[in-house]
Amino acid sequence: MSPGYLPKRAAAEYVGLSQRTLDYARSRGDLPFYKIGPRKVVFRVADLDKYMTRFRVDVGEVVV
């Protein structure tokens, strides 16, 4: 496996989400993926990083 791509389990660990959450994001079309053969799914690290930016909260924007 190329270092720029992660299988689902490693991708989930990389972003700190469950595999089920990644599957949900995939099914909604929110997270690009590659399907290798009938079962293997891999994610590009750059796509995972981009996906996670939507959850970023800048400190100056937090309202308590």
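Which count do you get for residues in the range 1-29 that are charged (D, E, K, R) and closer than 16 Å to Arg44 by Cβ? Break it down stepwise before answering.
First, the residues of the range 1-29 that are charged (D, E, K, R): 8-9, 13, 20, 23, 26, 28.
Cutting the leftovers down to closer than 16 Å to Arg44 by Cβ gives us 8-9, 13, 26.
Total satisfying the criteria: 4.
Residues in the range 38-51: is at least one more than 11 Å from Lys8 (Cβ to Cβ), surrounded by fewer than 11 Cβ atoms within 10 Å (Cβ to Cβ) and of a type in the set (Ser, Thr, Tyr)?
The answer is no, given that none of the residues of the range 38-51 is more than 11 Å from Lys8 (Cβ to Cβ), surrounded by fewer than 11 Cβ atoms within 10 Å (Cβ to Cβ) and of a type in the set (Ser, Thr, Tyr).
Throughout, read-outs are computed from the coordinates displayed, never taken from laboratory work. It should be emphasised that the depicted structure is a prediction, and the values quoted were computed from it without experimental measurement. Glycine gets a Cβ as well: all are built from the backbone with ideal geometry, and neighbour counts include every protein chain shown.
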